[in-house]
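The values are calculated or read from the model by the stated rules, or taken from the named source; none is laboratory data. Just so it is clear, the structure is predicted and the values come from calculations on it, not from any experiment. Neighbour counts run over all protein chains shown; Cβ positions are idealised from the backbone, glycine included. Keep in mind that these areas ignore ligands, DNA and RNA; they rest on the heavy atoms of the full protein, side chains included. Shrake-Rupley method; radii C 1.70, N 1.55, O 1.52, S 1.80 Å.
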Amino acid sequence: METRGLEPVPDNERTGRVRTLFPTWVGANLTVLLLTVGAGLVVLDGLNLWQVLVVAVLASVIGFGLVGLVSIAGRRGGAPGMALSRAVFGQRGNLLPGALTWVARWGWETVNAVTGTYAVLAVLGLLFGVTGSHGLTLVTLLVFVGCSWLVSGLGIGALRVCCTWSAYLFGGVSVLVLIHLIGATDWREVLGRPAGPTGMVIAGVGTLAAGGISWAPSGPDFARYLPRTASGRAMVAATVGGAGIAYLPMVLMGAVMAVAEPGLAVTRDPVAFVGPLLPGWLSVPYLLLIVVGMVLINAMSMYSAGFTAQTLGFTVPRVWAVGVNAAISLLLGASLMLTAAGFLDTFVSFLNLLAVTFSAWIGVFAVDLLRGRAYDPVALLDTTPTSAYWYTGGFSVPAVTAWAAGLAAGLLLTNVRWFSGPFATTWPGRQGLGWAATITVSAALYAILPRPAGRARESGDGTSLHF
């Protein structure tokens, strides 16, 4: 069990390898939700297969390219992302994006828990003919969240092993699914679909990229055990490659399945359509691996959320900080499964808000990283006014200002199920580009504002980006 919390990893314990990032980010994308979104691109947005392919490629490169870039901070500072963020925003200033990130993690983990629970119920139905009930749903959700907590509680070693094996197994079964779809699909109908509007392609890229963007603050958490000499280019390539090898087949399979079963794009249960579309010998292992994948995704999110909770002042061991998020996702997951009516609409709305939330932090943090930031390991853990990262009353005024301005700009352009900004009907708003506006505004503003004076005893490779 990993016992380390926010404290930076010393150089003599940095024995990780860049290649471990590849299966880690494969594991972070083993979700049936990519099938559902792929179906939505065809049914709801009117895109053809080639446009869906373009969307999947661009989304994985943009979203996880940012994850890979931010991961370099983990190599530099050896600490979790939201702990390193203290050097950028100040000890008190970091509480603002930290709290928003932590709350956003609740939603992400809730969606994953609900999807994983649906997958378990689908397997039970296929194997034993079990029909769902409120009681069975809640018990299944409890078991799913408990397994996620167990894996995340064990820590980085358990996550690496589980992600590696699940990537191999899921990859093998996905090849069999692709072979089945090749033989069972009416390709004349699939390939004969007309192209959809370019605006829907842009909106689709934004929706899918949001999934990657939401992992950006977690990037350093999985890179902090890498040695300082690790190649930044290799880190970005492993991150994008791992995500892309999961993104492409899953999104394309969803698009192909949707031609025969358009209901996949609008179902309340995003797993219900997978079983009937595949033969029994293939659907059961495929759904079981989906369950494993969703457990790992939730475990990875809880792992990072535990660190975020500690940066907010929860003075408990990491495993118990993880438990707080587990309890919250259990409560919210039960509410969503028993009351939600339109799952995909809820999910897409949540993704759009999530992208704006995390993009404000990414814009500031990435510019700070590109400026050559190194990190003082003592100051990161010192939350008193003596900290080198105390700045002005605990706040880095330029960073907080840029973050708030970017967040406001993105929300002005955002139109989701629960909220519509005053400029959501403009062209960038209709194309779902609120996240892009958020990054642009926060990054540009922080780049032109003066850096706050600090007293940090910075160490590491901060003289350049060091790719």
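Residue by residue, here is whether (1) at positive phi; (2) among the aliphatic types (A, V, I, L, M); (3) at pLDDT below 85 holds:
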position: Arg160; (1), (2), (3): no, no, no
position: Val175; (1), (2), (3): no, yes, yes
position: Ala184; (1), (2), (3): no, yes, yes
position: Arg193; (1), (2), (3): no, no, no
position: Val201; (1), (2), (3): no, yes, no
position: Ala234; (1), (2), (3): no, yes, no
position: Pro262; (1), (2), (3): no, no, yes
Residue hits (region 402-415; buried (at least 22 other Cβ atoms within 10 Å of the Cβ) and either modelled with pLDDT under 90 or assigned to a loop (DSSP other than H, G, I, E, B) (or both)) are Leu413, Thr414
The one condition Ser166 fails out of (1) hydroxyl-bearing (Ser, Thr, Tyr); (2) surrounded by fewer than 18 Cβ atoms within 10 Å (Cβ to Cβ); (3) assigned to a helix (DSSP H, G or I); (4) in contact with a Gly (Cβ under 9 Å, 6 or more places away or on another chain) is (2)
task = With respect to Ala83, determine if the residue is aliphatic (A, V, I, L, M) and farther than 16 Å from Gly394 by Cα.
result = no
Of the residues in region 416-426, those that are free of Cβ contacts under 8 Å to residues at least 24 places away in the same chain and either open to solvent by 30 Å² or more (accessible area, probe 1.4 Å) or within 27 Å of Gly372 (Cα to Cα) (or both) come to Ser420, Pro422, Phe423, Thr425, Thr426
Quick count over region 188-221, residues being crowded, with 22+ Cβ neighbours inside 10 Å and more than 21 Å from Leu100 (Cβ to Cβ), is 3
Among helices (runs of 4 or more DSSP H) entirely inside region 1-119, those with 3 or more residues being more than 24 Å from Gly313 (Cα to Cα) are 21-27, 33-43, 49-77
Among residues of region 366-401 being assigned to a loop (DSSP other than H, G, I, E, B) and of a type in the set (Phe, Trp, Tyr), the residue least open to solvent (accessible area, probe 1.4 Å) is Tyr389
Within region 293-327, the residues that are among the β-branched types (Val, Ile, Thr), surrounded by fewer than 20 Cβ atoms within 10 Å (Cβ to Cβ) and either at pLDDT 85 or above or within 20 Å of the chain's Cα centre (by Cα) (or both) are Val324
Matching residues in region 169-201 (among the small types (Gly, Ala, Ser) and outside any helix (DSSP H, G or I)) number 3
Restricting attention to region 434-467, the residues that are under 25 Å from Ala404 (Cβ atoms), modelled with pLDDT under 85 and surrounded by 15 or more Cβ atoms within 10 Å (Cβ to Cβ) number exactly 3
